[in-house]
1. Consider region 40-60. How many of its residues are out of contact with any Leu (no Cβ under 7 Å at 6 or more places or on another chain), assigned to a helix (DSSP H, G or I) and either touching a residue at least 60 places away in the same chain (Cβ under 8 Å) or closer than 30 Å to Pro545 by Cα (or both)?
2. Only one of these conditions is not met by Glu442: (1) farther than 27 Å from Lys494 by Cα; (2) crowded, with 22+ Cβ neighbours inside 10 Å; (3) of a type outside the set (S, T, N, Q). Which number is it?
3. Residues that are under 21 Å from Leu452 (Cα atoms) and in contact (Cβ under 8 Å) with a residue 40 or more places away in the chain: find the strands (runs of 3 or more DSSP E) completely inside region 477-549 holding 3 or more of those.
4. Working only within region 364-376, note down all residues that are without any contact (Cβ under 8 Å) to a residue 60 or more places away in the chain and buried (at least 19 other Cβ atoms within 10 Å of the Cβ).
5. Residue check: is Glu468 touching a helix residue (DSSP H, G or I) at 6+ places or on another chain (Cβ under 7 Å) and among the charged types (D, E, K, R)?
6. Return the only residue of Ser323, Ser291 being surrounded by 12 or more Cβ atoms within 10 Å (Cβ to Cβ) and in a helix (DSSP H, G or I).
7. Out of all the residues in region 80-131, which are among the aromatic types (Phe, Trp, Tyr), touching a Gly at 6+ places or on another chain (Cβ under 9 Å) and under 22 Å from Tyr53 (Cβ atoms)?
Amino acid sequence: MTNENTQRGDEDRFSGEKTPMPRGILDLILPLLILALGVGLVLYYIIWPAAGYMTSDCTDSLRWAEATYKSGQLVSDNFYYAAILPFGGNLLFLPFVALFGYSMAAQISGLAVFALLFAAALYYLATGVGLNRYCSAGLVAVFMLIMSSSAKLREIMWEHVFYYNLGLLFFCFGFGLACRILREGGFVYETGKRRASDWARLAVFVVFVVLAATDGLQTLICLTLPLVCGIFAERLFDAGERIASKKNLMTLVVLASVIVASTIGLALLGVISRGVSAGYADAYSTYSAMSSWVDNFLSFPINWFSLLGVSVSAGDPLVSLESIYNMVGIFGGLILLAAPVVLLCRYNKITNPAVKILLVGHFAVSAFILFAVTFGKLGGADWRLTPMLGTSVILSFVTAVELIKQKKVAARAGALLLAALIVMAAVPAIKIAGMSSDYGRENSWHVAAGELEARGLEYGYANFWWAELITMLSGGEVQVANIAAGQPKPLPYKYQVPKDSFDDKDTDRYFLLLTESENAAMSAWLSAQCYAGKIVEEFTIESEPYNLRGYVGRQLYVYVFSENIF
């Protein structure tokens, strides 16, 4: 810090500009209107159009909640898990599973609550770093809309609760809490100002970090390591204060709390999971081949822009509405990468230590994500960049506010940056507002769920991309277990299903649902089953064309067997 920074830090290190009490009705209403714009559009998307966009990937948290509800165990030993997140969406969805069962009603209810929690955590972070009510509300609205820029990003953020959006939620709440604890040098240093609420806040922080750490390495990347890096770096580069100063005692307490609490949480994960494995998480927690590292790194720009909704093919016109949307995504993506760097270059001019902690935290998240994308097995998909994109949006908004506080050129640059972020948020806002509330109700999954239920078929098999979603859409009335993809005959796929899914049920009618390509691949096996008299009925389901994960067509083939095929 400079001398000016140090003097100000002696008075109120982390208070920033404290938010005044509302001076009138407008000071209360306008921030609420800003919040309502961003949060309202996201809630509209979740409650209505999202059901037409969801895939079987979106059912994970609901499945885990159902497994917990039926087994009475936080991590059920009667379920094949993709990932183990004891402190995650499963807890959020649990009461809705109890109310509505394994259904779309439970899914939408849980997602709506998650979106509200996310907005609250983000607002809590914003006020924690000193933003006023207007700026805090603006950050929430801009963030939630920019993080809805593409179909894939909306899926990751608002259609299920998994590592990526859960990690960002932890980031917001954890940093918001830490910044409040460290205000004014911390209550350990300001002995005359200690209150019971200070100790309670520290206790909540420790418990929160323990619980977050039970979700494993992936969420530690979004919380523990960024917190440690941010808090430590802010003190390390404060030239006006000795490292051994008494004023750093609170920093030491918080750092020790984070490290110890995270260690306890990781240890508890082993106890809670009781040896239950998680196929998806385990597969992506390893290195990739060295020969792929360059390609992984070079895929970053394409993945970054596609996550923001940019979709361009050779020959696309430069002058069109879609081109304008793409340009906003391209220039916006560059701005999101550059803005935090601008703030980093002005590090010594930042007067609010909380902003410094947040800034370093962002670069820590970015570094860990880029490392995993380049050297691990995360480089093949754009959605793995979601945590980095989220912190980039937060820091870009904070950068705009910090620049606007300055004089002349810096303030003008900040205003332009803020305007650019608002334009970026406007594009998904327009797209969501224009979505039909019953979007996708005629797609393959909705039509198949309705047809199977109407025919009284209760148990059957399909590939993962149809099985899980049909089960949820039917409210559990049609229970479909997964079969392996690309096989000449059905084979169990033990992923995201109860372990007894392939056992005999109290019925003499089991169905097998196949896509067009699967039907062709299994033709020889199907002929043999028909010749043996095991197939008692067959029919097709026609819907809007489907194109998902290599499955292309518009017809589904359903074969009804007189006995279990396994």
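1. 12
2. Failed condition: (2).
3. Fully inside region 477-549 and qualifying: 510-514, 535-548.
4. Within region 364-376, just Ser366 meets the criteria.
5. yes
6. Ser323
7. Phe93, Phe96, Phe100, Tyr102, Phe114
Matching residues to (1) touching a residue at least 60 places away in the same chain (Cβ under 8 Å); (2) under 20 Å from Ser136 (Cα atoms); (3) surrounded by fewer than 16 Cβ atoms within 10 Å (Cβ to Cβ); (4) not assigned by TED's automatic domain parsing to the domain that holds Leu307:
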site: Leu378; (1), (2), (3), (4): yes, no, no, no
site: Thr386; (1), (2), (3), (4): yes, no, no, no
site: Val401; (1), (2), (3), (4): yes, yes, no, no
site: Lys408; (1), (2), (3), (4): no, no, yes, no
site: Ala426; (1), (2), (3), (4): yes, yes, yes, no
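The values are calculated or read from the model by the stated rules, or taken from the named source; none is laboratory data. It should be emphasised that the depicted structure is a prediction, and the values quoted were computed from it without experimental measurement. Every residue, glycine as well, gets a Cβ built from its backbone with ideal geometry; the counts of neighbours run over all protein chains shown.
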